[in-house]
Amino acid sequence: MSLSSALASPARPRVRFAPSPTGFLHVGSARTFIFNWLYARHNGGTMILRLDDTDVERNTDASVQSIFEGLTWLSLSWDEDYKQSDRGALHRQMAETIFQKGLAYRDFTPAHTGDSEKSGAQGTWLFNPGMRELSREESDRHAAAGEPFALRFRVPREGGQLVRFADAVYGEQVKAAVDIEDFALLRSDGMPTYHLASCADDADLRISHIIRGQDHLTNTFKHVLIFEAAGFAPPQFAHLPLLVAPDGTKLSKRRHGPVVSVTTYRDAGFLPEAFINFLCLLGWSPKNDREQMSRQELIDAFSLEGINRANAVVNFKEPAVTPEETFDPKAVWLNAEHIRGLAVADLSARLLPVVREAGFNVTPEKMLRITPLIRERIKLLREVLTAADFFFVDQLPPYDPAELIPQKGDAALALKVLQRAREVLANVEFKHDPLDQTLRVAAQELGIKAGQMFQPIRVAVCGRKNAPPLFETLEVLGKDTTLARIDQAIQRVK
RNA sequence: GGCGCUAUCGUCUAGGGGUUAGGACGGAAGAUUCUCAAUCUUCAAACCCGGGUUCGAUUCCCGGUAGCGCUACCA
C-alpha cells in the first residue's frame, strides 16, 4: 500500500476512540477523541466509542464515569459504542484462528513477577527459551494437563522479513521483524491482551482509520502482524504527536497533578468550545494562521495533513501558584476570546450556574444586566465571582478606607467627594447619561478632575479600585444600594 | 542496552534551496477610555550541532547530540 492511498479518505470512514478506563479522562485522551471526531464529522463518517477494558485489575467505574462526564461537558457525540469486556468470545476466536494457523504458540513460562529485569538491562527480550519450538503434541499435552499458559505471537525470525505500514502522519514505517518480541495475545487466565482485543475489535467493527497517540506507533508493527495473521487487511493509521508537560515528559496525573484532567478545565470556567479549540491547536494546524475557531470551523478545516510530528508542550507552570498559571496562557486567552464572542444572553446563561453554585442569589434578569459589564474583563467563567462580586452581595466586604482617597487628594477630599456625590445622586435618574452628566458637573463644581470624582465613588460601591465602568455599574446597582454604600464609605473615611 | 520517532522565537505554529524566516500566546514600551479590562501601535525573541550535495542550505542527504516513545501475561 502506498502512502498516497493511505491518505485518501474513503467515502465513509469509521473511526474510534478507545480509552482504557483506568484513570480520569485526561487532556491527551480528550484531544485524541476530538481528532477522531473531527475526522469523522469532516468526512461524514462514523464515530465509535469503545471502552478497552481488558485490564480487569485496573478498571474502575469511576474512570468510566469520568470519561462520560468529560465528553458530555464537551458535547462530543459518538454514533456507536462498545465494551471490550462484552466481546471476549470474538477476541478468543481470533486468537484461536491465529493459533490454528501455527502463527501463535503456547508459552508455559510463569508470568513475570514485579520488576522488568528483562527490559531495563541489556539486549532485547524476544521470547522465553524453549517455548517457540515446543511441538504441537507436547504443547497439547501440557495444556491438557491443566498447565497455565500465555498465547504468544510467533514473530517470523528468518528471512530478514520486514513489517511495514503507511502512517498518514509519520509516513512509511518499516521495521525488521527480528526486532519485534513474541508479544502475548492471551494471558494465562484466558483474557486477551490489549493488542489482540484491539485488533480483533478494529477488524470486526470495520474501523477504517486508527487515529491514536504516537505512543502506539511502535506497537503498530505488532498490530499489522496480527491483522495479517488473522486474514484482515490492516486499517489505515494516523498517529498523533503526544501532549507533554513543560518538563518534556508525557502528561501524567501523578507527576503533573490536576492540570491533566479535563474536569479541572471545566471547573475553572473554560468554555467547552474554547477548550476544544485549544486542544486542536496542539499538534495540528490549519496552516492559514487561523487560531480562534468554532466547532464547525474546526470540522471544516480539519485534515490529517495538518497534523505535526513533534510532541506539543502544554505550557502550564510546573509549580502553579496562581490559578492563572495553572493553565497554558494560550488556552486562557482563547477562552477569553470565545467569551467575548458569545452573545450576552448566552454568556449570561453560562455564568448564572457558576454564580449560584458559589452561593449567591441572582436572578437571570440581573445577571443579564451584569454580563455586558464583565464580558471583557473575565478570561475564565469562574472569574465572574471576583469581577462581579459586589453585584451579588448585600453587604460589601471590608476594604481599606485609604482606597477611597483619590489621586492627588487626601481624606478630606475623599469625604468632600462622597458627600457631594451623595447629594447629587439622590436626585438623579439612575441611567447612564444623567449619571455621567451629573457627576461631571459635580466634579467641576468641586474644582477637581472627573477621575478624582469617580474613584472614591467606585471604591465606595465596588469595594475596590478596579471595576467595570462606573455609570453602568451604578445603573445596575440602583439608587438605594448606591446611596447606602456611599453612606457607609462616608462613615469609614471619617 | 535494542528498536522507532522527532528537532523553527520561552510556548503553539507557518514556511521553504536564494525570504527583512511569517502569525499567535506570553513579555516589554506607548496610545486610548473615569479605574481595570478590551482595543490599537511599536519592540525584543527562533531555524540543535557537524559534515556533505549545491553557485547557494534553516530547508535535501548522512552523522552526532538531545528529547520522547516502545521494549509487560498495562493500555
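The values are calculated or read from the model by the stated rules, or taken from the named source; none is laboratory data. This is a predicted model, so every value here is computed, not measured. A quick note on method: Cβ atoms are made from the backbone with ideal geometry, for glycine too, and the neighbour counts reach across all protein chains shown. Ligands, DNA and RNA are stripped out before the accessible areas are found, and what is left, the full protein with its side chains, is counted by its heavy atoms. Shrake-Rupley method; radii C 1.70, N 1.55, O 1.52, S 1.80 Å.
With the structure loaded, tell me whether A:Lys222 is of a type in the set (Lys, Arg), within 14 Å of the chain's Cα centre (by Cα) and open to solvent by 10 Å² or more (accessible area, probe 1.4 Å) or whether it fails that test.
Criteria not met by A:Lys222.
Just the residues that are near RNA strand B (Cβ under 6 Å from one of its atoms), open to solvent by 40 Å² or more (accessible area, probe 1.4 Å) and either outside any loop (DSSP other than H, G, I, E, B) or under 19 Å from A:Arg132 (Cα atoms) (or both), please, taken from segment A:163-195.
Across segment A:163-195, the qualifying residues are A:Lys175, A:Asp179, A:Glu181, A:Arg187, A:Ser188, A:Tyr194.
Of (1) more than 23 Å from the chain's Cα centre (by Cα); (2) modelled with pLDDT of 95 or more, A:Val332 satisfies all except one. Which?
Checking A:Val332 against (1) more than 23 Å from the chain's Cα centre (by Cα); (2) modelled with pLDDT of 95 or more, the one that fails is (1).
For A:Gly160, all conditions in the list (1) within 12 Å of RNA strand B (Cβ to nearest atom); (2) free of Cβ contacts under 8 Å to residues at least 24 places away in the same chain hold save one; what is the number of the exception?
Failed condition: (1).
Out of all the residues in segment A:140-156, which are farther than 17 Å from A:Trp125 by Cα and surrounded by 10 or more Cβ atoms within 10 Å (Cβ to Cβ)?
A:Asp140, A:Arg141, A:His142, A:Ala143, A:Glu147, A:Pro148, A:Phe149
Scan segment A:86-107 for residues that are open to solvent by 70 Å² or more (accessible area, probe 1.4 Å) and within 15 Å of RNA strand B (Cβ to nearest atom) and report the count.
2
Looking at segment A:362-389, which of its residues are of a type in the set (A, V, I, L, M, F, W, C), under 24 Å from the mean Cα position of the chain (by Cα) and outside any loop (DSSP other than H, G, I, E, B)?
Hits for segment A:362-389 are A:Leu381, A:Val384, A:Leu385.
Which one of these does A:Thr249 not meet: (1) under 25 Å from A:Ala40 (Cβ atoms); (2) within 7 Å of RNA strand B (Cβ to nearest atom)?
(1)
Just checking, how many residues over segment A:442-494 are among the charged types (D, E, K, R), closer than 21 Å to A:His432 by Cβ and assigned to a helix (DSSP H, G or I)?
7
The conditions are (1) near RNA strand B (Cβ under 9 Å from one of its atoms); (2) over 30 Å from A:Asp267 (Cα atoms); (3) hydrophobic (A, V, I, L, M, F, W, C), and A:Leu474 fails exactly one of them. Which is it?
All conditions are met except number (1).
State all residues of segment A:421-457 that are surrounded by 19 or more Cβ atoms within 10 Å (Cβ to Cβ) and closer than 16 Å to A:Asp487 by Cβ; if no residue qualifies, say none.
Hits for segment A:421-457 are A:Ala421, A:Leu425, A:Pro456, A:Ile457.
Just to check your reading of the model, which residue among A:Ala331, A:Ala301, A:Ala312, A:Ala349 is among the hydrophobic types (A, V, I, L, M, F, W, C) and in contact with a Leu (Cβ under 8 Å, 6 or more places away or on another chain)?
Residue meeting the stated conditions: A:Ala312.
Please note which helices (runs of 4 or more DSSP H) are completely contained in segment A:260-308 and include at least 3 residues that are in the same structural domain as A:Ala168 (by TED's automatic domain parsing) and either away from RNA strand B (no atom under 12 Å from the Cβ) or in contact with an Asp or Glu (Cβ under 6 Å, 6 or more places away or on another chain) (or both).
Here the list is empty.
Confirm whether A:Gly159 is within 38 Å of the chain's Cα centre (by Cα) and either surrounded by fewer than 17 Cβ atoms within 10 Å (Cβ to Cβ) or basic (Lys, Arg) (or both).
Criteria not met by A:Gly159.
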